[in-house]
Amino acid sequence: MATMSDVAKAANVSVTTVSHVLNGTRKVTPKTEQQVRMAIQRVGYTQNSLARSLAMSATNTIGVAIPTFANHYFSEVVRAIENECMKNGLMMLFSDTHDDPEQELKIVQAFHQRRVDGVILAPADDGRLESLAYLRNSKIPTVLVDHLLAQGFDQVGLKNKMATQELTAHLIGHGHVRIGFISGAAWNSTSAERLEGYFAALKEAGIHRDEALVCCGESAIEPARIAAHQLLSLDRQPTAIVTSNNLMTIGTMRALREAQVEVPRDMALVGIDDFDWADLFNPRLTVMAQPLDEIGTKALNLLIKRIENPEGRRQTIRLSPTLRVRNSCGCS
């Protein structure tokens, strides 16, 4: 089996230089790095990742704690993180938090016990944020996704206000004035931002803000179905509905079907999050799609930077959504 000494001889450099190229511990000239990389291929050298991890007090493993089984959106984000891990030679440990703060804390502690180099987390905000306190006190490099809390962590998420503001404005452009809004769970910071975007669109258009047109769907299918029925029971029903995630879109569609309300003839419907079958429904759903691959990729790259530089300035990255106009909004 080829050794670092064999690589050094083939590249005509020192063993120390080979180590710097392999471990990134010191910059070398591009020419020297190319010589070493070519020599590695010629002699068939394979780096001992276990020995490297022990030497650098690293495991090349990250932990991902996200409520993926509850929502297809998170599954796509996790897939993007895993793909990026493979490109960077990292292993990923994954566990579903089920949006349960107690479960989340146990998962974070288990990751710590397994000596992960860093954590990507979609935090459940119960007001106590114990898992974030644990991560901070344990000095574990961490990146938050989706639920952005501005608690001194790197974060990646959507421009939530922009997403619902543009969706609502799209409906206003079709002449809708009474627009219902089905909001997410009250504890979720994302829900508040999306509700803010809805109100901003109404204000910009000079439309009176009617609190009766806002119902909480708890970010889930069944509560959203109940919330949609609440809107339909109003003396003056809305003529359009905005839902603030994909699960609530499904719940709303169930309620409209149960009430025999036809979309978009009787009620226009738009929502946050695209999903595989949104283009197959009748009517086809108009949605604001999130850049899921980009969210996962940027989260992992931020985490790598944080692992390499624990004291660097924290970053919050907000990504723009994409409006996908189909015909549930009334567009032909």
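The values are calculated or read from the model by the stated rules, or taken from the named source; none is laboratory data. Everything numeric here is computed off the predicted structure, so don't read it as measured data. All Cβ positions, glycine included, derive from the backbone under ideal geometry; neighbour counts span all protein chains shown. Just the protein is used for accessible areas: all its heavy atoms, side chains included, with ligands, DNA and RNA removed. Shrake-Rupley method; radii C 1.70, N 1.55, O 1.52, S 1.80 Å.
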Query raised in the report: Between GLU211 and GLN237, 0.36 nm times their residue separation minus their Cα-Cα distance comes to what?
Result: 8.1 nm
Requested in this report: Please name which of ASN23, ILE81, ALA124 has its Cα lying farthest along the dipole of the chain towards the positive end, using unit charges on Cβ (Lys, Arg +1; Asp, Glu -1) and the Cα centre as origin.
Outcome: ASN23
Query raised in the report: Using the alpha-carbon centroid of each, what span in Å lies between region 139-193 and region 278-318?
Result: 13
Query - HIS72, HIS112, HIS147, reordered so the largest accessible area comes first (probe 1.4 Å) - result: HIS112, HIS72, HIS147
**Report entry** Exposure ranking of ARG26, ARG136 by accessible area [1.4 Å probe, largest first]
**Finding:** ARG26, ARG136
Query raised in the report: With the other protein chains left in place, how much accessible area per residue, in square angstrom, belongs to region 45-190 at a 1.4 angstrom probe?
Result: 44
Requested in this report: Return one number: the angle in degrees, 0 to 90 and rounded to the nearest 10, between the long axis of the Cα atoms of helix 246-258 and the longest principal axis of the Cα atoms of the chain.
Outcome: 30
Query raised in the report: In the chain, if every C-alpha pair distance is counted and binned at 20 Å from zero, what percent goes to each bin?
Result: 29, 44, 21, 6, 0
Requested in this report: Compute the length gained on full extension between ARG115 and THR29: take 0.36 nm times their separation in residues and subtract their Cα-Cα distance, giving the result in nm to one decimal.
Outcome: 27.6 nm
Query - Order of exposure, largest accessible area first, which applies to THR16, THR249, THR59 with probe 1.4 Å - result: THR16, THR59, THR249
Query raised in the report: Stokes-Einstein at 37 °C, 0.692 mPa s, Kirkwood radius from Cα pairs: D for region 110-215 in µm² s⁻¹?
Result: 208
Report summary line: Sorted on mean Cβ neighbours within 10 Å (highest first), peptides 258-265, 214-221 come out as 214-221, 258-265
**Report entry** Rounded percent of accessible protein surface that carbon and sulfur make up, region 259-332, 1.4 Å probe
**Finding:** 44
Report summary line: Helix 30-43 sits off the longest principal axis of the Cα atoms of the chain, rounded to the nearest 10 on a 0 to 90 degree scale, by 80
Report task. Work out the FRET efficiency for ARG79 and GLU222 from their Cβ-Cβ distance, taking R0 = 22 Å, and round it to the nearest 0.05. Result -> 0.25
**Report entry** Cα long-axis angle, helix 160-173 against the chain (0 to 90 degrees, to the nearest 10)
**Finding:** 30
Requested in this report: Order these peptides, 203-211, 152-160, 318-326, by their mean beta-carbon neighbour count within 10 angstrom, highest first.
Outcome: 152-160, 318-326, 203-211
Query raised in the report: How much length, in nm to one decimal, is gained on full extension between GLU308 and ASP293, taken as 0.36 nm per residue of separation minus their Cα-Cα distance?
Result: 3.1 nm
Report task. Sequence neighbours fewer than 8 away in the same chain don't count; with that in mind, list the lysines whose C-alpha is under 22 Å from LYS9. Result -> LYS27, LYS31
